[in-house]
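What follows draws every value from the coordinates through simple rules; no lab data is involved. Keep in mind that this is a model prediction, so the values were computed, not measured. Cβ atoms come from the backbone with ideal geometry, glycine included; neighbour counts cover every protein chain shown.
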Amino acid sequence: MITKPIKISYWYLILLLLACACGGDEPKRIPTTLPDVHGSVSEVERSAKIDAILATVQVKAMEGIAADYPAAIIRIDENTLLENATGEELPLAQVRVGSEVHIWFEEGILESPMEGYAKAVRVLD
């Protein structure tokens, strides 16, 4: 008699685990931390999707804004979230020379010059 409730409980646990595993990818979001880079886009080089890189962007620190690094090289790929100041997603074409941007890096950045894949880019203007 005791084995039936236990078997049913195991089935519920298995179904719950399967439902959690099939939840899908979490949506892309701007990190809640301060940006790694705040600057102005000085160069945009779009690529032909070689090694999944869509573009390489150079960003320079802006006058009057404290920055740990005077310049950064950012690689944008299909995993990079691009959005405007109000949180709407942007196409890559909206990242232009002269745009003021906030950049958050993925793990594993290189320093001197600061270089890495962007997790998120917010275009402020």
The residues L90, L110, sorted from fewest to most surrounding Cβ atoms within 10 Å, come out as L110, L90
By Cβ neighbour count within 10 Å, fewest first, R96, R122 rank R96, R122
If amide H atoms are modeled at 1.01 Å from N in the peptide plane, then the residues at a separation of 5 or more from A120, or on another chain, having amide H under 5 Å from its own are L81, W104
Counting sequence-distant residues (5 or more places) and residues on other chains, those with an amide H built under 5 Å from that of M114 are A71, I73
Between L90 and residues 5 or more places away or on another chain, the pairs with built amide H atoms under 5 Å apart involve L82, E83, N84
Yeah, segment 46-121 with a ≥ b ≥ c from its alpha-carbon gyration tensor (a/c under 1.5 is rounded, else prolate when a/b outruns b/c, oblate otherwise) is oblate
